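Trainee: My structure is below; once you've seen it, I'll send some questions.
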Amino acid sequence: MSSSTKMSAGETPYKSAGSGKESGRDSEGPFSEDPPPTILVWIARTLTLAALLSIIGYLFWLISTDSRPAQFVVDARWSELDPRGGEWVLPITVTNDSTEAVTNVVLDAAFQPPGREEVNLSTTLPLMGEGERALLEMVFEDEPTPDTLDLRVSSYQSP
């Protein structure tokens, strides 16, 4: 060998394993190998990926679903009109036929009995979820008919 460093027959140009270097490469060098990820790192990666996919899926679901503003179906159950103690009880079904919950739903009834002054009744439903149906009863002194009774939702609030 013409170089100034002499090596004996049993020596290698590599440092020993106990010196912090392997195979002649520095552990901080460009060819260093990181240890494989631990199980904790894989769990963290999996949970992060699941959270991101859930958020993306939820956003696609929000975009693809129809959003209908609050609308109501008011149905008087005329076949169940019942005289009780000199008064008439009419069951009424109110359905929130939208995709949003609403509060303070006010149902107004304008009743015009024959030959008498108009009677206005009102009742409030505190909370109705999307697609929810509520059954209530209104009491009248005179027998109501579909021609003499006007039912409508006059107001509501969106939370």
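Trainee: Does segment 110-131 include one or more residues that are under 18 Å from residue 80 (Cα atoms), surrounded by fewer than 15 Cβ atoms within 10 Å (Cβ to Cβ) and among the basic types (Lys, Arg)? Show your work before the answer.
Mentor: First, the residues of segment 110-131 that are under 18 Å from residue 80 (Cα atoms): 111.
From what's left, surrounded by fewer than 15 Cβ atoms within 10 Å (Cβ to Cβ): none.
No: zero hits.
Trainee: Under 38 Å from the mean Cα position of the chain (by Cα) and not in a strand (DSSP E or B) - does that describe any residue in segment 107-119?
Mentor: At the first step, the residues of segment 107-119 found to be under 38 Å from the mean Cα position of the chain (by Cα) are 107-110.
Then keep just the ones that are not in a strand (DSSP E or B); that gives none.
No, segment 107-119 contains no residue that is under 38 Å from the mean Cα position of the chain (by Cα) and not in a strand (DSSP E or B).
Trainee: Being outside any loop (DSSP other than H, G, I, E, B) and either under 16 Å from residue 88 (Cα atoms) or over 29 Å from the mean Cα position of the chain (by Cα) (or both) is the filter here, so list the residues in segment 124-143 that pass it.
Mentor: So in segment 124-143, the residues outside any loop (DSSP other than H, G, I, E, B) come out as 124-128, 133-140.
Correct list: 136, 137, 138, 139, 140.
Trainee: Return the residue satisfying two criteria in turn: it lies in segment 43-73 and is assigned to a helix (DSSP H, G or I) and among the small types (Gly, Ala, Ser), and of such residues it is farthest from residue 127 (Cα to Cα).
Mentor: Restricting attention to segment 43-73, the residues satisfying the condition of being assigned to a helix (DSSP H, G or I) are 43-64.
Still in the running and among the small types (Gly, Ala, Ser): 44, 50-51, 54, 57, 64.
On the way: 44: 41, 50: 35, 51: 32, 54: 30, 57: 29, 64: 26 Å.
Among those residues, the one meeting the criterion is 44.
Trainee: Given 30, 37, which one is at pLDDT below 95, loosely packed, with under 10 Cβ neighbours inside 10 Å and either more than 30 Å from residue 155 (Cβ to Cβ) or not acidic (Asp, Glu) (or both)? Can you show your working first?
Mentor: Working: 37 fails: loosely packed, with under 10 Cβ neighbours inside 10 Å.
The match here is 30.
Trainee: Give the residue that is nearest to the chain's Cα centre (by Cα), with candidates limited to residues of segment 74-99 that are part of a strand (DSSP E or B) and charged (D, E, K, R). Give the steps one after another, and end with the answer.
Mentor: Within segment 74-99, the first condition is being part of a strand (DSSP E or B), and the residues that meet it are 74-76, 82-84, 87-96.
So of that shortlist, the ones also charged (D, E, K, R) come out as 75, 82, 84, 87.
Details: 75: 29, 82: 41, 84: 43, 87: 44 Å.
Once the filter is applied, the top-ranked residue is 75.
Trainee: Working only within segment 144-159, note down all residues that are loosely packed, with under 13 Cβ neighbours inside 10 Å and either part of a strand (DSSP E or B) or small (Gly, Ala, Ser) (or both).
Mentor: The answer is 152, 154, 155, 157, 158.
Trainee: While we're on this one: Are any residues in segment 114-135 under 15 Å from residue 154 (Cβ atoms) and of a type in the set (A, V, I, L, M), and if so, which ones?
Mentor: Scanning segment 114-135 gives 121, 125, 128.
The values are calculated or read from the model by the stated rules, or taken from the named source; none is laboratory data. Just so it is clear, the model here is predicted, and its values are computed rather than measured. Heads up, the Cβs are rebuilt from the backbone with ideal geometry, glycines too, and the neighbour counts pull from every protein chain shown.
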